[in-house]
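Peer 1: Have a look at this one before I ask anything.
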Amino acid sequence: MQDFPSSLKIALVQGTPILFDKKATVRKAAEQILEAGAAGAQLIVFPESYIPCYPYGLTFGFTVGAREESGRKDWKRYYDNALLVPGPETDCIAEAARKTQSYVSIGITEREALSCTLYCTNLIFAPDGHIVSHHRKLKPTGAERVIWGDGHLGSFPVVETPWGIAGSLICWENYMPLARATLYQKGVSLYLAPNTNNNTEWQDTVRHIGIEGRCFVFNVNQYFRRADYPKDLHCPSEIAALPEEPCSGGSCLVDPYGHYVIAPVWGKEVLLYAEIDPNVAAESRMEFDVAGHYSRPDVISLNLQEE
């Protein structure tokens, strides 16, 4: 591992999107990037599907073997607010990254120019505004599969930053041992985990990843309330059945020993800041280097299929 600067200031954006409104949420995200950049953040990390939102609790009218036309209308609204990559919305985020000279990781719902399939995607922008990582969730979880397609080959991009190699897995991808191992083999020490997990057990997962990978783990979730849903969706009973805070946060930063640098924060929208020494990752691997001296590729190996 290379030598790195001894200081990196980071920001975790536990934000509230303007649900189902990509233009308004992009504007808000750009403002949050500028705010974090003004505070000195050099790496800014947003949650899963921040733009246009994570459609928590909605079925879009799907049941096994059938669907409702009213749900189709809500799905089309979500589709209309999904982002093309590249496109005018990613250009806006890129400009904010350029203005702040920061790396920006942000979760979006993406749609392709030639098909109508949606993807849960994480993008990383470099300080010059270029998209340097484009990762689609490999396997949407449970009912997510009715709105997002599977990611495909080439789905483990990593970014060489001045402070170490960064890579991302989205939400329950982090439960996939071979996906984690892929990032470890690629040298990731800045492990980005955008997600939508309110449960306290998830904290055990991100702390374990810190210990297992000997990396900094950036756990970032949204915060939004039932009242934030649009009032004119076609599923009022589904929304009414949700808790007051369907997504209550819990964002945190874990160090390579599994300790909290930023303890979980619940129940509010907030930008969280910390200053870390990236060289701690190398220090922590003295007796356990999961892709180095503690591996046995002669006995166990990972065969990664990438384009």
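Peer 1: Out of everything in region 101-145 that is closer than 12 Å to Ala82 by Cβ and charged (D, E, K, R), what residue ends up being surrounded by the most Cβ atoms within 10 Å (Cβ to Cβ)?
Peer 2: Among residues in region 101-145 that are closer than 12 Å to Ala82 by Cβ and charged (D, E, K, R), the one surrounded by the most Cβ atoms within 10 Å (Cβ to Cβ) is Glu110.
Peer 1: Which residue pairs have Cβ atoms under 8 Å apart, sit 6 or more places apart or on different chains, and have a first residue in region 197-219 that is touching a residue at least 12 places away in the same chain (Cβ under 8 Å) and a second that is in a helix (DSSP H, G or I) and among the charged types (D, E, K, R)?
Peer 2: Final answer for the pair search is Ile209/Arg180; Glu212/Arg180; Gly213/Arg180; Val217/Arg207.
Peer 1: Could you tell me whether any residue of region 43-60 is closer than 18 Å to Cys235 by Cβ and part of a strand (DSSP E or B)?
Peer 2: Taking every residue of region 43-60 in turn, none turns out to be closer than 18 Å to Cys235 by Cβ and part of a strand (DSSP E or B).
Peer 1: Would you pick out the residues in region 100-112 that are out of contact with any Leu (no Cβ under 6 Å at 6 or more places or on another chain) and either part of a strand (DSSP E or B) or over 13 Å from Leu43 (Cα atoms) (or both)?
Peer 2: Scanning region 100-112 gives Val104, Gly107, Glu112.
Peer 1: Search region 170-208 for residues being in contact with a helix residue (DSSP H, G or I) (Cβ under 9 Å, 6 or more places away or on another chain) and part of a strand (DSSP E or B), and hand back the single one that is farthest from Val265 (Cα to Cα).
Peer 2: Val188
Peer 1: Specify the residue that is farthest from the chain's Cα centre (by Cα); the eligible residues are those in region 61-90 that are of a type in the set (Phe, Trp, Tyr) and surrounded by 18 or more Cβ atoms within 10 Å (Cβ to Cβ). Talk me through it step by step, then tell me what you get.
Peer 2: Going through region 61-90, the residues of a type in the set (Phe, Trp, Tyr) turn out to be 62, 75, 78-79.
Still in the list and also surrounded by 18 or more Cβ atoms within 10 Å (Cβ to Cβ): 75, 78.
Working: Trp75: 22, Tyr78: 19 Å.
In this case the residue turns out to be Trp75.
Peer 1: Please determine whether any residue of region 67-83 is within 30 Å of Ala38 (Cα to Cα), assigned to a loop (DSSP other than H, G, I, E, B) and in contact (Cβ under 8 Å) with a residue 40 or more places away in the chain.
Peer 2: In the first step, residues of region 67-83 are kept if they are within 30 Å of Ala38 (Cα to Cα); the result is 81-83.
Pick out the ones that are also assigned to a loop (DSSP other than H, G, I, E, B) and you get 81-82.
Add one more test, that the residue is in contact (Cβ under 8 Å) with a residue 40 or more places away in the chain, and what stays is 81-82.
Looking through region 67-83, at least one residue is within 30 Å of Ala38 (Cα to Cα), assigned to a loop (DSSP other than H, G, I, E, B) and in contact (Cβ under 8 Å) with a residue 40 or more places away in the chain.
Peer 1: Let me ask something additional. Does Gly154 satisfy the condition of being over 25 Å from Trp266 (Cα atoms), assigned to a loop (DSSP other than H, G, I, E, B) and in contact (Cβ under 8 Å) with a residue 60 or more places away in the chain?
Peer 2: Values: over 25 Å from Trp266 (Cα atoms): yes; assigned to a loop (DSSP other than H, G, I, E, B): yes; in contact (Cβ under 8 Å) with a residue 60 or more places away in the chain: yes.
Yes, satisfied.
Peer 1: Write out, first by first residue and then by second, each pair whose Cβ atoms fall under 6 Å of each other, whose residues are 6+ apart or on separate chains, and whose first residue, in region 223-247, is over 19 Å from Thr200 (Cα atoms) while the second is among the polar types (S, T, N, Q) and part of a helix (DSSP H, G or I).
Peer 2: His234/Ser70
Peer 1: For region 37-64, which positions are out of contact with any Pro (no Cβ under 9 Å at 6 or more places or on another chain) and at negative phi?
Peer 2: Gly37, Ala38, Ala39, Ala41, Leu43, Ile44, Pro55, Leu58, Thr59, Phe62, Thr63, Val64
Since every read-out is calculated from the coordinates, none of them should be taken as a lab result. Since this is a predicted model, take the numbers as computed values, not measurements. Positions of Cβ are generated from backbone atoms using ideal geometry, with glycine treated the same way; all protein chains shown enter the neighbour counts.
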